[in-house]
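None of the figures in this text is laboratory data; all of them are computed from the coordinates on show. Everything quoted here is computed from the prediction, not taken from an experiment. Using ideal geometry, Cβ is built from the backbone for each residue, glycine included, and neighbour counts are taken over all protein chains shown.
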Amino acid sequence: MRLLFVTGLYPHQITELLRECSNGFIENAPNVFQWNVVRGLMQNNADFNVVSLPFLPAFPKRFKKLFVPKAPICIDDCTIGESLSYCDLLVWKTRSMQMALERYLSDWIKKYDHTHKLVILTYSPYVPFIRAINRVKSMYPDKVIEVVSIVTDLVDDMMSFSSNRTILKRIQCKIETRQTKKLYKSIDKFVLLSKHMVDKIPEAQDSFMVMEGLAECGELGDDNKSEFRTLLYTGTLETFAGVADLIEAFKRTTSPDFRLVICGAGSLQDMITLATQEDTRIIFRGLIPREEAVKLQRSSTLLVNPRKPNNEITKYSFPSKTMEYLSSGTPMLGYKLEGIPEEYYEHYYTVDKLDINSLAERIEFVLSLPESDLNTKAENARKFILQHKTVKMQVCKLLEFINKCS
């Protein structure tokens with residue numbers, strides 16, 4: 001089997017350039033997920049290449065360059081693929097991505113004769129990806145080509161979060177949703193973050209596996225804990241993520257030694273800035289590099305995911321920060337969400353009621369626990385991840401799924 005991983009990841013050589021050219025921000029979590037898949041393929045000695053068309057905001061309003069630059073994709077001093085150049089102009093972007101990928105796929109497929117089993121693994125059933133694959137597959141009917149797609153977000157979620165966007169953006173979301181659902185039938189196998197996703201993707205009913213995330217568990221550093229009892233949130237700053245309720249709950253805690261540190265970007269930034277003026281225990285760091293976020297996680301007392309199970313979307317997703325938090329060596333506080341398997345709940349402190357007072361009381365309780373209790377909780381959580389959810393283990397399961405279903 002020869003595998004090609006089609007992605008939107010950022011090559012290390014140009015990551016900073018892409019960030020500098022982006023007005024606003026580019027997503028960290030999808031990039032980390034995709035690189036973890038790459039590392040897992042490396043660790044399992046898979047025979048693979050990677051091609052990327054980086055997921056970026058569109059030119060000219062949100063990205064400064066008309067053409068996304070080309071770059072090699074390297075890991076551990078080894079070149080494993082390339083990031084393709086494409087035109088980022090708003091009205092032409094997806095078509096340009098599709099054409100660039102078609103050219104690459106055609107050249108890749110030509111290298112192998114009909115005796116080779118070719119697998120194209122995509123990060124998301126992104127319309128330009130699947131259309132390019134379908135077009136090139138039709139050009140080589142004698143080749144055995146299987147398409148496997150990792151689905152981290154349902155297209156229905158896009159519509160749920162588009163209400164505060166422009167009319168044109170909402171129209172675009174509707175079109176992309178319709179197109180993606182039509183293209184599901186072109187995918188042979190699905191890798192889902194939650195078993196409940198099958199309810200929304202019936203095409204996956206008999207050909208899916210669940211891989212809720214991949215944990216990158218490096219050695220823990222010697223970061224000193226803060227002198228204060230610090231609660232840390234890193235992630236998107238939107239209402240659906242529960243950030244506003246988190247701030248209000250923290251305001252109701254009483255200890256002067258508590259601190260709430262918030263990192264990220266989103267529509268609630270102004271509200272958070274105002275909250276820091278109303279309660280000086282609240283600190284807003286804005287969008288920070290991943291390396292800095294990891295250090296903050298290690299130096300904090302408690303990590304929090306305030307998203308509540310009051311939205312159907314939580315049934316069809318697995319929060320990426322759950323895996324990241326549980327492997328950090330610092331305990332986590334969060335709600336029980338339908339998309340999180342039951343086996344995770346014993347490894348973090350849970351909030352059992354959805355009202356703000358209950359969240360405030362739980363924050364107060366956990367931040368007041370002895371250091372030994374907090375350390376035990378964190379150590380057990382990390383041990384669980386190390387034993388069951390590492391990058392190597394999860395990608396090994398993925399490869400077994402692909403081979404078994406071949």
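Considering helices alone, the calculated mean residue ellipticity of the chain at 222 nm is -12000 deg cm²/dmol, with DSSP H runs of length four and up weighted by -39500 (n - 2.57) and normalised per residue. Going from the residue with the fewest nearby Cβ atoms within 10 Å to the one with the most, MET211, MET197 rank MET211, MET197.
Across the chain, the relative contact order, built from alpha-carbon pairs under 8 Å that are at least six residues apart, equals 15 percent. Summary value for segment 229-388: 25 percent relative contact order, contacts being C-alpha pairs under 8 angstrom separated by 6+ residues. Rounded to the nearest Hz, the phi-derived 3J(HN,Hα) couplings of segment 233-244 under the Karplus curve 6.51 cos²θ - 1.76 cosθ + 1.60 (θ = phi - 60°) are 10, 10, x, 5, 9, 10, 4, 4, 7, x, 5, 4, where x marks glycine and proline.
Against the chain, whose longest principal axis is taken from its Cα atoms, helix 371-388 shows a tilt of about 10°. Amide H contacts for VAL351 (H built 1.01 Å from N in the peptide plane; partners 5 or more residues away or on another chain; cut-off under 5 Å): GLY334, TYR335, LYS336. Summing charges over neighbours of HIS347, with a neighbour being any other residue whose Cβ is under 15 Å away from its Cβ, gives -1 when K and R count +1 and D and E count -1. Once backbone amide H atoms are built at 1.01 Å from N, SER52 has THR7, GLU82, SER83, LEU84 as its partners under 5 Å, excluding neighbours fewer than 5 places away on the same chain. Of the residues THR301, THR234, TYR86, the one whose Cα sits farthest towards the positive end of the charge dipole of the chain is TYR86 (charges of +1 on Lys and Arg Cβ, -1 on Asp and Glu Cβ, taken about the Cα centre). Each residue of segment 189-202 is assigned a 3J(HN,Hα), and the resulting list reads 9, 10, 10, 10, 7, 9, 4, 6, 4, 4, 4, 9, 10, x Hz, derived from the Karplus form 6.51 cos²θ - 1.76 cosθ + 1.60 (θ = phi - 60°), x at Gly and Pro.
Cross-link pairs exceeding 22 Å between alpha carbons, from the set LYS182/LYS308; LYS189/LYS404; LYS182/LYS389; LYS64/LYS295; LYS315/LYS336: LYS182/LYS308; LYS182/LYS389; LYS64/LYS295.
Exposure proxy ranking for ARG259, ARG2, based on other Cβ atoms within 10 angstrom of each Cβ and starting from the fewest, stands as ARG2, ARG259.
Pairs of C-alpha atoms in the chain farther apart than 32 Å represent 37 percent of all such pairs. Relative to the dominant Cα principal axis of the chain, helix 356-367 is inclined by about 80°. May I ask for the angle, rounded to the nearest 10°, between helix 269-278 and the longest principal axis of the chain, with both axes built from Cα atoms and the value confined to 0 to 90°? The helix 269-278 is inclined about 10 degrees to the chain.
Among ARG307, ARG252, sorting on how many other beta-carbon atoms sit within 10 Å of each Cβ, with the fewest leading, yields ARG252, ARG307.
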